[in-house]
1. If the requirement is being surrounded by fewer than 19 Cβ atoms within 10 Å (Cβ to Cβ), in contact (Cβ under 8 Å) with a residue 40 or more places away in the chain, touching an Asp or Glu at 6+ places or on another chain (Cβ under 9 Å) and on the phi > 0 side of the Ramachandran plot, which of these qualifies: Gly308, Gly271?
2. Only residues in segment 114-129 that are within 14 Å of Ser55 (Cβ to Cβ) and part of a loop (DSSP other than H, G, I, E, B) count as the first member; pair them with residues that are among the basic types (Lys, Arg) and at pLDDT below 90, Cβ under 8 angstrom, at least 6 apart or cross-chain, and list the lot.
3. If a residue has to be open to solvent by less than 50 Å² (accessible area, probe 1.4 Å) and either of a type in the set (Phe, Trp, Tyr) or over 22 Å from Leu431 (Cβ atoms) (or both) to count, how many in segment 249-261 make the cut?
4. Within segment 216-231, identify whether any single residue is surrounded by 16 or more Cβ atoms within 10 Å (Cβ to Cβ), at negative phi and modelled with pLDDT of 85 or more, and answer yes or no.
5. If the requirement is being in contact with a Lys or Arg (Cβ under 6 Å, 6 or more places away or on another chain) and either within 19 Å of His409 (Cα to Cα) or among the polar types (S, T, N, Q) (or both), which of these qualifies: Ala223, Ala246?
6. Which of the residues that make up segment 232-262 are β-branched (Val, Ile, Thr) and either part of a loop (DSSP other than H, G, I, E, B) or under 19 Å from the mean Cα position of the chain (by Cα) (or both)?
7. Among the strands (runs of 3 or more DSSP E) contained in segment 263-375, which hold 1 or more residues that are over 22 Å from the mean Cα position of the chain (by Cα) and hydroxyl-bearing (Ser, Thr, Tyr)?
8. Can you tell me which residue in segment 143-173 is farthest from the chain's Cα centre (by Cα), limited to those that are among the charged types (D, E, K, R) and at pLDDT 65 or above?
Amino acid sequence: MTMRFLFLLMLPAWLFPIFPQDHSENVSGPFENSAQVTEECLLCHDDAGEQVLQSNHWNWLSSNLSLVDFTKSQSGNKVLVNNFCLAVPGEGSQCITCHIPFSEAEGTIEFNSAENIDCLVCHDQTGNYVEVKFKSKADSTEIDLLAIAQSVGKPTDQNCGTCHFNEIGGVMVRSGAMDKSLFEPSEEIDYHLGGLGFSCGDCHESSDHNISLRSEEGLSPVACEDCHSSEPHEKELLNNHYAAVACQTCHIPTYSRTDASVVSWDWSMAGKKVEVTSNEFGLSNYYVDKGELVWAKNIQPEYFWNNGSYEYYELGKELTKTNEVDLNQPAGKISDAKSKISPFKVVKVKQPYDPVNKYLIIPKLSGENGYQKTLDWVASAQAGMDLLNLNFSGEVDFIQTKMYWPINHMVMSSDNALKCTSCHGKGGEGLLNWKTLGYPDDPMKKGGRVKNKLVKE
């Protein structure tokens, strides 16, 4: 440890804010790898390490997806069942292309060690780090780690967007509501960022390295009401919608407006001899180690009642039906006063399923015995389920699953929002299926859920 760092550590904590964000004089190096950068960061920011370990980003939590902790897992990983990377246990090298921990031996990740935090992902200001991290795990022979470490500062939209606007597996494979256009958005792309000049941090506030904390009790998603009142419109008729309709429903009429998004995925087609062609978006519809993908653009969301929570499929739970599985179904109903009609991207995927044990299979995708190398579903399924200590029958079938991704970004101005006739169309031809939502008919004709005594106030 240098005398400079010894001096800094002797100073009282309240003095640290006076130091400028320029770290060129405070970070010395040299660094052979990114872990050594973190080690030096923690010399001064020891409290930050503990904060990150408790944060939503570190623990892979968000407003719509939470993790299930399987203590039986030999890898020690937390496992979220999904249908885009299949929640592969032990796939640390794959996960960390977006998530911030370093990968440990055999691809596992140690979630309890501050030394395993990759500080540069969020704090690099050169714009070079994550791009190389994706490709080479930030080997010092590829980039100047000292220059990057000395550049660090408060995260900007570029830092957020490096992961959130460049999703692994192709832009907009998952969310459908963020893409590269948000790096320099116009007003038409996103009214808040492009029209009003907001930054990500204006809505997604940070406290103790937690993003979007809105209460002391825990995580609370960012809401339009954080800035807008319950009566944001001049017309009372529009304000009357507030109790039952989410703002996003009208102000995000379509998603994937600038880049195409995956809407369905068939893993059962992987490993076959299929002629690979590009679609109208210049994207491939097939990968031998992934299967067949369907892309679309300018897509109308699907609408469901939602109260902000979700019902999750739990890994290892026997399925009561074998035709379709909801992995994170929005919780909410017309009788729940806290529920609002909200827009979602729904992704339908055929993924591995154990027909004997009647639960989803989590295969190992990469590394030794991984499907990407062997193209053998049975071997990769056995390897993945072994990591979770879950029985595998030796048989692999495929079942359709659905994931629901809330549409919250790329908000449009009132001029480009849905019109009254968009939902209340003639002959019941509007965007919303009123009877599916629980109404007797179009509320314009029969009244809303209060008048029809459908909601418990």
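The values are calculated or read from the model by the stated rules, or taken from the named source; none is laboratory data. If you're wondering where the values come from, they're calculated on a predicted model, not measured in any experiment. With ideal geometry, Cβ positions are generated from the backbone for all residues, glycine too; neighbour counts draw on all protein chains shown. Heavy atoms of the whole protein, side chains included, go into the accessibility calculation; ligands, DNA and RNA do not. Shrake-Rupley method; radii C 1.70, N 1.55, O 1.52, S 1.80 Å.
1. Gly271
2. So the pair list comes out as Asp118/Lys133.
3. So the count comes out to 1.
4. Yes: one or more hits.
5. The match here is Ala246.
6. Correct list: Ile252, Thr254, Thr258, Val262.
7. Counting at least 1 such residues, we get 340-354.
8. Per the stated criteria, the residue is Asp144.
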